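Below is one structure, written out as structure tokens, with a few remarks after it.
The values are calculated or read from the model by the stated rules, or taken from the named source; none is laboratory data. Here the structure is a predicted model, which means the values were calculated and not measured. Don't worry about glycine lacking a Cβ; one is built from the backbone with ideal geometry, like all the others, and counts go over all protein chains shown. Calculation scope for accessible area: heavy atoms of the full protein, side chains included, ligands and nucleic acids excluded. Shrake-Rupley method; radii C 1.70, N 1.55, O 1.52, S 1.80 Å.
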Amino acid sequence: MKKTLLFAFMALACFTGLAQQKQPVLSIIPEPRSVEMIGGQVTITPQMKYFANSEAAQQAAEVFVQFVASNYNFVLEKGTMQNSTLVFSEDDALPAEGYQLTVARNKIVLQGRAAGMFYGVQTLQQIMPLKPEVKAAKNKIIVPGVTIKDEPRFAYRGFMLDVGRHFFDVNYIRKLIQVMAFYKLNRLHWHLTEDQGWRIEIKKYPKLQSVASQRKETMEGPYRDGKYDGKPYGGYYTQEEVKQVVAYAAKFHITVIPEIEMPGHALAALAAYPQLGCTGGPYEVATKWGVHKEVFCAGNDEVFTFLEDVLTEVIPLFPGQYIHIGGDECPKDRWKTCPKCQARMKALGLKDEHALQSYFIQRMEKFLNSKGKKIIGWDEILEGGLAPDATVMSWRGEAGGIEAAKQKHDVIMTPNTYLYLDYNQGNPATEPLAIGGYLPLEKVYSYEPYPAELTEEQKKYITGVQGNLWTEYIPTEKSVDYFAFPRAIAMAEIAWSPQNKKDYTRFMNSLPRHLALWDDVRLNFRIPEPQGLADEVMTGANTTVTLKPSVAYGTIRYTLDGSEPAASSTLYTKPIVVTAPSNGTTTLKLIVITPSGRASSVYSATYMRKDYKTALNINPTTKGVKFDAYFKTFKQAKNVGEGKADSTGVLPAFDIRPFTVKPAFGVRYEGYVKIETDGLYEFKTNSDDGSILAVDDEVIVDNDGEHAPTDKIGMIPLRKGFHKISVKYFDAGGGKQLQVSFGPKGKQSVNLRNALFH
Ligand code: ACM
Ligand code: ZN
């Protein structure tokens, strides 16, 4: 017991850097433009007084006073210019969101305009000690001497929340606003209408509340298997609540941008007012995810009246300049056969349904412009011609954003490949069910919003970036926390910090202190893998693994015997010496436990003591694998391939469908896999009956024998380049199945159609 306590204390001391270090490392996220450590320090005490030279300065001061009160339990009082050592000074000479913070000679001075001072306060909060650090410094709140000059790289720094698929109440939106502001994000894109629910009160259309805000079933529970729990689901924000959110956000210097979707993703509205659809209905609020064919009719003037009425109620609630009108994923099926839509096209000489969508968006833009608002739309609004003053939100990669910038339109970059925060954050096998994709923290961080092909002049149209949280598979507040954080924090750094300050190692070194702070208020962020956990191809009998918890003052518990780690497993206190026999493998499994006691998923690393397979000296360019099929009964996959084949050819991947008409068969595939980087690769088969997978003629996955669908996994270190792959499979009758996948260990599998050659 004593020993454990001592180790715990030592582990703590390692992180208690601020008070003791001569040259402390600050952990500010997003990293400011310029940080100069000037030595010395200032101690914040209850006797300290603050002074604010204007109303805006007073507001910034109050944010800080509140932070000190909730974290350190005392209230700073207002003093005079003479007796105050905490000075908030409005300064019009600085850029709108810029600030200058100086901690020196027993005085803290913050200068900026209103938003700038607010951001300066966020920075000051981030360089304050965490509670354990205050304790370690004998209850002193020490802030290191520093001069920080800062301003954002991009004006638009957004986060989008989809409340259509799942509804989150106003209290939770407030919490999100607080976290956003802490990272200097300034736009909350509120996705308010969807096929699965209309979430904003519109007084002129009461059925939007009584019908469109409710759906029959939810997709909670075991929807992994496509089952529904049968319980109704719904909710909407009253206009009063919307006003409260907008006002609350404004205090945090966040503009709320409402999205009212058109012409697609409108099924909930159609369920309430079926005359607004091409067929007239009846319609039901969607209970399934995906893109629905029922959309607003573009040939019916009543639709425009409805949308103008809706926007007329929406506009006064949102003082910001922009209204998002969607525009994405609008199937044209109904328009193609709708007499009204076709008549409109004919009357206006529109050449196709894309032109009709463009007409729709332009007509709505004209209306919104007449009310003093500008529109934002998803990149589909480029199709058929952009509305004259529209801002484009580029989501299907960057192509739409690039095209719009070339057409001199403002662009917000939110490519799904980097900024869709509903994608998986890690190995799908150990992550909660997600819509798909693979977007680990590092990939979000790596995003550069200026596409290389744009000229300096065109780059000026890229106004910023946004992380999008679609909530099909994110039903609760806890799951929003989990998917959004820490990835939105990485996104905030892309949005704010100068490009030359981007440094993932520094970011990851800063993050643990932030996560400790959020753990303290029970934000359910994804606990990242500890630093130092990585698969390794061992060259000797042992290797030393040095880990660092991903949450400051957190702990790591681990096993080396393959068992699942738990709170009672070995506590990590010093580097682990991992041994493995020749040609053998050892697996380190661990959990990270936060200071509040929350445990991460089980993360693991494999240490494999085996020589790399060198790449073959070939460079095939033809995609797909060759096959030899035998139409007879096998008992073992290993016997497939002898004698003359009944059928030969090439298939894009390991596809058995061409042969399943035969009562029994065996097939051998042969080709090459393209390996992108040196490392440990995992190959997986699921087969019924047996299969054998070999790489460079060595069997890696032996899944042989007559059996029901069975998963088998094998691993092998591979050098970058081409390697031979062969798969033998047989079906002796009954169930037929062969699934093959591979990828860097613990990461998403590669797309076989891109990786196989012959
Ligand atoms: C989108 O993801 N449909 C904008
Ligand atoms: Zn129509």
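For the range 271-288, list residues with backbone N below 14 Å from a point placed 7 Å from the Cα of LYS216 toward its Cβ?
271, 282-288
Return the carbon/sulfur percentage of the accessible area of the chain, one whole number, probe 1.4 Å, all protein chains in place.
50 percent
With only Lys, Arg, Asp and Glu charged, each at its Cβ (+1 for the first two, -1 for the last two), find how big the charge dipole of the chain is about the Cα centre; round to the nearest 20 debye.
Here the size comes out at about 1320 debye.
Mind grabbing the accessible area of HIS253 for me, 1.4 Å probe, Å², rounded to tens?
60 Å²
Which residue, ALA429, GLY554, PHE525, has the largest displacement toward the positive end of the dipole of the range 403-559 when charges sit on each Cβ (Lys, Arg +1; Asp, Glu -1)?
GLY554
In debye to the nearest 20, how big a dipole does the range 134-293 give about its Cα centre with +1 on each Lys and Arg Cβ and -1 on each Asp and Glu Cβ? Don't skip to the answer; put the middle values down first.
Numbers: 24 positive and 16 negative charges, 154 e Å.
For this selection, approximately 740 debye.
Compute, for GLU529, the solvent-accessible surface of its heavy atoms (probe 1.4 Å) with the complete set of protein chains present, and express it in square angstrom to the nearest 10.
70 Å²
Return the subset of LYS589/LYS712; LYS610/LYS684; LYS638/LYS720; LYS184/LYS501; LYS131/LYS175 for which the Cα-Cα distance in this structure is over 23 Å, preserving the input order.
Beyond 23 Å: LYS638/LYS720.
What is the Cα centroid distance between the range 497-536 and the range 23-63, reported in whole angstrom?
With the range 497-536 and the range 23-63 each reduced to a Cα centre, they are spaced 22 Å.
Using θ = phi - 60° and the Karplus form 6.51 cos²θ - 1.76 cosθ + 1.60, what ³J(HN,Hα) does each residue of the range 137-145 get, whole Hz, x for Gly and Pro?
For the range 137-145, the Karplus curve yields 8, 6, 6, 9, 9, 9, 10, x, x Hz.
Hey, can you grab everything whose amide H is under 5 Å from the amide H of ASP535? Only 5+ residues off in sequence or another chain; H modelled, so Pro and N-termini drop out.
THR606
What is the set of long-range amide H partners of ILE200 at a cut-off below 5 Å, with H atoms built 1.01 Å from backbone N?
Excluding prolines and chain starts, which carry no amide H, the hits are TYR237.
Under 5 Å between amide hydrogens, which residues at least 5 positions from LYS78 or on another chain qualify, with H placed 1.01 Å from N in the peptide plane?
TYR50
Could you calculate the FRET efficiency of ALA93 with ASP678 from 1/(1 + (r/R0)^6), where r is the beta carbon distance between them and R0 is 35 Å, rounded to 0.05? Let's see the in-between values first.
Numbers: r = 53 Å, r/R0 = 1.51.
Computed FRET efficiency for ALA93 and ASP678 comes out at 0.10.
Compute the Cα gyration tensor for the range 494-580, then decide on rounded, prolate or oblate, letting a ≥ b ≥ c be the square roots of its eigenvalues: rounded whenever a/c is under 1.5, prolate when a/b is larger than b/c in the other cases, and oblate in all that remain.
Because a/c hits 1.5 or more and a/b fails to exceed b/c, the range 494-580 counts as oblate.
Given a 1.4 angstrom probe, what's the average accessible area per residue across the chain, in square angstrom?
41 Å²
With a ≥ b ≥ c taken as the square roots of the eigenvalues of the C-alpha gyration tensor of the chain, please select rounded if a/c is under 1.5 and otherwise prolate if a/b is larger than b/c or oblate if it is not?
oblate
So what's the range 356-421 giving for Cα Rg divided by 2.2 N^0.38 Å, two decimals? The partial results should precede the final answer.
On the way: Rg = 11.8 Å, N = 66, 2.2 N^0.38 = 10.8 Å.
So the range 356-421 has a normalised radius of gyration of 1.09.
Rounded to the nearest Å, what's the spacing between the alpha carbon centres of the range 191-212 and the range 687-727? Just the number, please.
When both Cα centres are located, 52 Å separates them.
What translational diffusion coefficient, in µm²/s and rounded to a whole number, does the Stokes-Einstein relation yield for the range 572-714 at 25 °C and a viscosity of 0.890 mPa s, taking the hydrodynamic radius as the Kirkwood radius over Cα pairs?
132 µm²/s
Could you tell me whether the range 270-367 comes out rounded, prolate or oblate from its Cα gyration tensor? Rule is a ≥ b ≥ c as square roots of the eigenvalues, rounded for a/c under 1.5, then prolate if a/b exceeds b/c, otherwise oblate. Mind dumping the intermediate values first?
Details: a/c = 1.68, a/b = 1.19, b/c = 1.41.
In terms of gyration-tensor shape, oblate.
Sorting CYS341, CYS278 by accessible area (1.4 Å probe), largest first, what list results?
Ranked from most to least accessible, the order is CYS278, CYS341.
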